[in-house]
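What follows is a single structure, and I will ask about it in a moment.
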Amino acid sequence: MHDISQEGREYLCLPDLSPDIVKQVSLQLPGAPVEAIERLCIAGAWEPVAFSAEGRRSRCEANVPTMQPVVLRLSRMVPT
């Protein structure tokens, strides 16, 4: 699932229905490069997620456990 807020931040919900944990989520996204990725933690706060980017592909260090959706918030680089 994907949505864009009025502030321009993007939200992704990543469910894992397989019996294995997904490690190092890889995203290929159109548009401007990703500047920051955050994960919604159980307490309701956003925490930074380490990631690397190469072109339109971003690989983040967030694991997605089975049957426990992960919500990510992406910030994009603003063109100057």
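The values are calculated or read from the model by the stated rules, or taken from the named source; none is laboratory data. Computed from a predicted structure; not experimentally measured. Because the Cβ atoms are built from the backbone with ideal geometry, glycine has one as well, and the counts that use them run over all protein chains shown.
Taking segment 33-80 only, how many residues are among the basic types (Lys, Arg) and within 14 Å of TYR11 (Cα to Cα)? If you could, list the steps in order and put the result at the bottom.
At the first step, the residues of segment 33-80 found to be among the basic types (Lys, Arg) are 39, 56-57, 59, 73, 76.
Cutting the leftovers down to within 14 Å of TYR11 (Cα to Cα) gives us 39, 73, 76.
Qualifying residue count, segment 33-80: 3.
Where residues in segment 15-46 are free of Cβ contacts under 8 Å to residues at least 40 places away in the same chain and part of a loop (DSSP other than H, G, I, E, B), which of them is nearest to ILE4 (Cα to Cα)?
PRO30
Of all residues in segment 62-80, count the ones that are outside any loop (DSSP other than H, G, I, E, B) and within 26 Å of PRO19 (Cβ to Cβ).
Within segment 62-80, the first condition is being outside any loop (DSSP other than H, G, I, E, B), and the residues that meet it are 64, 70-76.
Still in the running and within 26 Å of PRO19 (Cβ to Cβ): 64, 70-72.
Residues that pass the stated criteria total 4.
Inside segment 14-41, can you point out the residues that are among the hydrophobic types (A, V, I, L, M, F, W, C) and at pLDDT 90 or above?
Keep residues of segment 14-41 that are among the hydrophobic types (A, V, I, L, M, F, W, C), which gives 14, 17, 21-22, 25, 27, 29, 32, 34, 36-37, 40-41.
Result: ALA36, ILE37, LEU40, CYS41.
Pairs under 8 Å by beta carbon, first residue without any contact (Cβ under 8 Å) to a residue 24 or more places away in the chain and loosely packed, with under 12 Cβ neighbours inside 10 Å in segment 47-58, partner aliphatic (A, V, I, L, M) and outside any loop (DSSP other than H, G, I, E, B), six or more apart or different chains?
PRO48/ALA36; PRO48/ILE37
Do we find that SER5 is of a type in the set (S, T, N, Q) and exposed (fewer than 11 other Cβ atoms within 10 Å of the Cβ) in this structure?
Working: of a type in the set (S, T, N, Q): yes; exposed (fewer than 11 other Cβ atoms within 10 Å of the Cβ): yes.
Judged against the criteria, SER5 is a match.
Any idea how many residues of segment 47-61 are part of a strand (DSSP E or B) and in contact with a strand residue (DSSP E or B) (Cβ under 9 Å, 6 or more places away or on another chain)?
So the answer is 9.
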